[in-house]
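Remarks on the structure that follows.
Taken together, the values in this text are just the output of simple stated rules run on the coordinates, not laboratory data. From a predicted model like this one, the values you see are computed outputs, not experimental measurements. With ideal geometry, Cβ positions are generated from the backbone for all residues, glycine too; neighbour counts draw on all protein chains shown.
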Amino acid sequence: MVLEVRRMLHNIIDKAYEKDTDIDKYKKFYLSFLEKNYKSKGGDYALKKREIRIMGVGKKSAKDMCLTALHELAHHIDNMQRDTTDHSAKFYSVYQKLVHSALDIGFMDIEDVRWVIENSSYADSRKVARFLDEYAPHYNRTAMINGNVKICVYNSFNIRSVLKEKGYQYNGVDKSWCKTIEESAVDGEKEFLLLHIQEQDIDIVDTNKVHIRNRMYIEVKGNTFQCKDILKNNGFSASKSGKKWSWKKETSQECSRSEYQNISSELADFEDVKVNIV
């Protein structure tokens, strides 16, 4: 996943700085993903290391992560141009150039960017909104369509050997098995997958976009000893925090509500048991 996102960022740099003699310098940076979520920031850039770090991967939306990546990439390019970086007008001119180029090549859509600035506590919301107001496409998006899509398969541990034989590769960040195929072959591939897994565990996505399902957890606390067999049968695992035990099950944002309702219904007759989405 890191290499895939890095390649996409390189493509954005190619689009934004195709005539810049320092373009190779702009591409020399390290990229790392952290699962830990920080309330104060979604990413950062270390000048000396030239390292871009994206936080909360898997806990925030892929859209949020992509806009953060562009922000930190702007810091890197600004640093390469001025030997420093801050939140000056020069930085924002670089950031705007990257956002416009990302829109041109399909790394993000205008709707994606609007969603982030309207649904998250993004610090630069007003400035990014202005970027969108001033955006004019400079690329033929239809010419970029290569006829391929990426299939991502989730909750597929039991069929991992089957997926390997079919050419799928494991994505440790997204905890999915992925494969790029021609769009014309999607129906046949999906028909094969549905023999082994449920449709809700299959995502078909644009190869130009970063795709990560938000991971959430259903947590059961309280006097859980009395219902431990039900929890085990529903895929929950026991975990300990300090002196207290709880039971957790990983799920996707799309499935979290139905999973919550199902286990809450099964545990309704048990006293001192609480179910939460975390």
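Taking the Cα centre of region 215-277 as origin and assigning +1 to Lys and Arg Cβ atoms and -1 to Asp and Glu Cβ atoms, the resulting dipole is close to 400 debye. Computed per residue of the chain from DSSP H runs no shorter than four, each worth -39500 (n - 2.57), the mean residue ellipticity at 222 nm is -12000 deg cm²/dmol.
At an R0 of 41 angstrom, the distance between the Cβ atoms of R257 and Q169 translates into a FRET efficiency of 0.85. In plain terms, the chain from E250 to I204 could stretch by 14.5 nm, reckoned as 0.36 nm per residue minus the Cα-Cα distance.
Straight-line reach from K179: taking Cα to Cα under 20 Å and skipping same-chain neighbours fewer than 8 places apart, the aspartates and glutamates in range are E4, E165, D187, E189, E191, E199, D201, D203, D206. For the chain, a simple Cβ point-charge model (Lys and Arg +1, Asp and Glu -1, everything else neutral) yields a dipole of about 1240 debye relative to the Cα centre. List, in the order given, every pair from K60/K150; K36/K175; K15/K209; K36/K249; K41/K240 whose Cα-Cα distance in the structure shown is over 25 Å. In this structure, K41/K240 lie more than 25 Å apart at Cα. One Cα centroid belongs to region 187-228, the other to region 1-25; the line between them spans 32 Å. Each residue in D133, D206 was given a count of other beta-carbon atoms within 10 angstrom of its own, and listing them fewest first yields D133, D206. Residue exposure proxy: F192, F107, F270, ordered by other Cβ atoms within 10 angstrom of their Cβ from fewest to most, comes out as F192, F270, F107. Sparse packing (at most 16 other Cβ atoms within 10 Å of the Cβ) combined with a DSSP loop state is found for the following GluC sites (Glu not before Pro) in region 1-100: E18, E35. Projecting label points 7 angstrom from Cα along Cα→Cβ for S239 and S184 puts them 4.6 nm apart. Remark: spin-label model distance V2-N276 equals 3.2 nm, labels positioned 7 Å along the Cα→Cβ axis.
Each of D14, D78 was scored by other Cβ atoms within 10 Å of its Cβ. Arranged with the fewest first, they read D14, D78. Of all DSSP-defined beta bridges confined to the chain, some 85% are antiparallel rather than parallel. Taking a point 7 Å from the Cα of H138 along the Cα-to-Cβ direction, the residues of region 9-42 with backbone N closer than 11 Å to it are 15-20.
Between K127 and D83, what length in nm is gained on full extension when 0.36 nm per residue of separation is reduced by their alpha carbon distance? Stretched out fully, the K127 to D83 stretch lengthens by 13.5 nm.
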